[in-house]
1. So for the stretch 51-64 (the condition being under 22 Å from ASN117 (Cβ atoms) and open to solvent by 20 Å² or more (accessible area, probe 1.4 Å)), does at least one residue qualify?
2. In the stretch 38-59, how many residues are over 38 Å from the mean Cα position of the chain (by Cα) and of a type in the set (A, V, I, L, M, F, W, C)?
3. Would a scan of the stretch 152-173 turn up a residue that is closer than 30 Å to ILE81 by Cα, open to solvent by 70 Å² or more (accessible area, probe 1.4 Å) and modelled with pLDDT under 75?
4. So how many residues does the stretch 99-119 have that are surrounded by fewer than 17 Cβ atoms within 10 Å (Cβ to Cβ) and not hydrophobic (A, V, I, L, M, F, W, C)?
5. So, ILE81, is that one β-branched (Val, Ile, Thr), crowded, with 18+ Cβ neighbours inside 10 Å and at pLDDT 90 or above or not?
6. Scan the stretch 43-86 for residues that are free of Cβ contacts under 8 Å to residues at least 40 places away in the same chain and among the β-branched types (Val, Ile, Thr) and report the count.
7. Can you say whether ASN196 is surrounded by fewer than 10 Cβ atoms within 10 Å (Cβ to Cβ) and at pLDDT below 70, as far as the supplied structure shows?
8. If you go through the stretch 249-272 one residue at a time, do you hit one that is modelled with pLDDT under 80 and part of a helix (DSSP H, G or I)?
Amino acid sequence: MEKTCTDELPLAMNSSEKRETVCIFGTGDFGRSLGFKMLQCGYSVVFGSRNPQMSSLLPNGAEAFSYPEAAKQSDIIIMAIHREHYDFLTELIEVLNGKILVDVSNNLKINQYPESNSEYLAQLVPGAHVVKAFNTISAWALQSGALDASRQTLLKKEDPFSTSSAWLSDSYVALGILGFFLFVLLGITSLPSVSNAVNWREFRFVQSKLGYLTLILCTAHTLVYGGKRFLSPSILRWYLPSAYILALIIPCTVLVLKFILIMPCIDKTLTRIRQGWERNSNYSKSPLNGKTDI
């Protein structure tokens with residue numbers, strides 16, 4: 001595959017308009033990566049450095065100057081340097097007066113300093129306008145572009161606070177918690193030490209009634225997990241259903257059979273059979289007491 005060079009043309013550039021200049025203090029990994037993206041977007045980029053003659057690996061089209069010279073060429077200055085090196089800014093108070101300073105730094109530890117880096121920067125340069133940006137983007141994400149974090153997303157004209165999605169999410173969690181709780185309860189009652197301490201009615205209630213309730217909750221938990229995708233043809237890759245659909249075959253079959261068995265017309269007959277009823281029984285009367293024997 002032929003490798004294309006991304007330094008040749010910017011992503012957006014209008015030749016009829018003058019290119020706006022952005023200044024970046026710092027020639028480290030993040031400063032170079034951000035400058036590369038700025039050039040792709042059609043901006044003119046200048047770097048401020050302690051040693052501009054020794055600055056290397058800069059993007060094509062960018063220039064390096066000393067801090068005062070670079071600051072004079074732009075009203076927007078991105079501070080791509082660590083807080084420990086902010087002291088030199090006190091010498092540039094007049095040059096930075098009225099300019100926008102963009103703080104992109106992150107501290108190595110939480111609560112490392114009594115104030116945030118932006119507050120500290122505003123104290124050093126009181127005449128500048130300090131803003132915070134780009135501190136959640138890594139140099140790797142800027143370099144890799146669309147291959148990593150800098151992906152474009154489609155805008156959908158939908159309500160971000162969708163009640164249907166919220167109900168599905170909450171129901172999924174609630175059903176899972178209840179089903180797991182009852183499942184643990186069934187396991188505890190199956191222990192010999194526990195089952196011997198309850199009578200047969202209590203044991204039957206837990207193992208039968210709560211057992212089916214647990215199966216219903218766990219099955220509903222999986223059904224809600226699928227949500228609108230449950231019967232969607234788009235999920236049938238290679239004409240095979242998802243794993244959660246296959247996992248529902250046995251529990252759904254059991255629940256359907258149980259529903260049929262508890263119907264009054266069938267449950268009544270089953271109850272009579274359990275009590276000893278036979279369809280074609282031969283009745284005979286005992287000659288001793290005149291009672292009918294079954």
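The values are calculated or read from the model by the stated rules, or taken from the named source; none is laboratory data. All values derive from a computational prediction rather than experimental measurement. Cβ sites come from the backbone with ideal geometry, for glycine too, and all protein chains shown count toward neighbours. All accessible areas refer to the heavy atoms of the entire protein, side chains included, with ligands and DNA or RNA removed. Shrake-Rupley method; radii C 1.70, N 1.55, O 1.52, S 1.80 Å.
1. no
2. Residues meeting the conditions: 1.
3. Taking every residue of the stretch 152-173 in turn, at least one turns out to be closer than 30 Å to ILE81 by Cα, open to solvent by 70 Å² or more (accessible area, probe 1.4 Å) and modelled with pLDDT under 75.
4. Count: 10.
5. Spelling it out, it is not the case that ILE81 is β-branched (Val, Ile, Thr), crowded, with 18+ Cβ neighbours inside 10 Å and at pLDDT 90 or above.
6. Residues flagged as free of Cβ contacts under 8 Å to residues at least 40 places away in the same chain and among the β-branched types (Val, Ile, Thr) within the stretch 43-86 amount to 2.
7. no
8. Looking through the stretch 249-272, none of the residues is modelled with pLDDT under 80 and part of a helix (DSSP H, G or I).
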